[in-house]
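Okay, so here's the structure we're looking at.
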Amino acid sequence: MPEKELEHIEGILREEGIILMKPEEEETYKKVEACQNCGLCLAMCPILEVLQHGAYNLL
């Protein structure tokens, strides 16, 4: 795809506030998306651990 078209598309995404994920963020998102909310991993899930820690910081 020509560079001019890519710049146009990036401009539209910026205007709409759409931020593309980095490869490492996409990997984390896929893991979270696959979560079945069973609750069995609460003690060892690194993503939920961060969220729990953040929630405790708000108290």
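Considering (1) surrounded by 11 or more Cβ atoms within 10 Å (Cβ to Cβ); (2) modelled with pLDDT of 75 or more, the lone condition that ILE47 does not fulfil carries the number (2).
To keep it simple, each residue is scored yes or no on (1) aliphatic (A, V, I, L, M); (2) in a loop (DSSP other than H, G, I, E, B); (3) under 20 Å from the mean Cα position of the chain (by Cα); (4) at pLDDT 70 or above.
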{"residue": "HIS8", "(1), (2), (3), (4)": "no, no, no, yes"}
{"residue": "GLY11", "(1), (2), (3), (4)": "no, no, no, yes"}
{"residue": "ILE18", "(1), (2), (3), (4)": "yes, yes, yes, yes"}
{"residue": "GLU27", "(1), (2), (3), (4)": "no, no, yes, yes"}
{"residue": "LYS30", "(1), (2), (3), (4)": "no, no, yes, yes"}
{"residue": "LEU51", "(1), (2), (3), (4)": "yes, no, yes, no"}
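The set of residues from the range 9-25 being of a type outside the set (A, V, I, L, M) and loosely packed, with under 11 Cβ neighbours inside 10 Å comprises GLY11, ARG14, GLU15, GLU16, GLY17, LYS22, PRO23, GLU24.
The values are calculated or read from the model by the stated rules, or taken from the named source; none is laboratory data. Not measured: the values here are computed from a predicted model. Quick reminder, even Gly has a Cβ in these numbers, built from the backbone with ideal geometry, and neighbours come from all protein chains shown.
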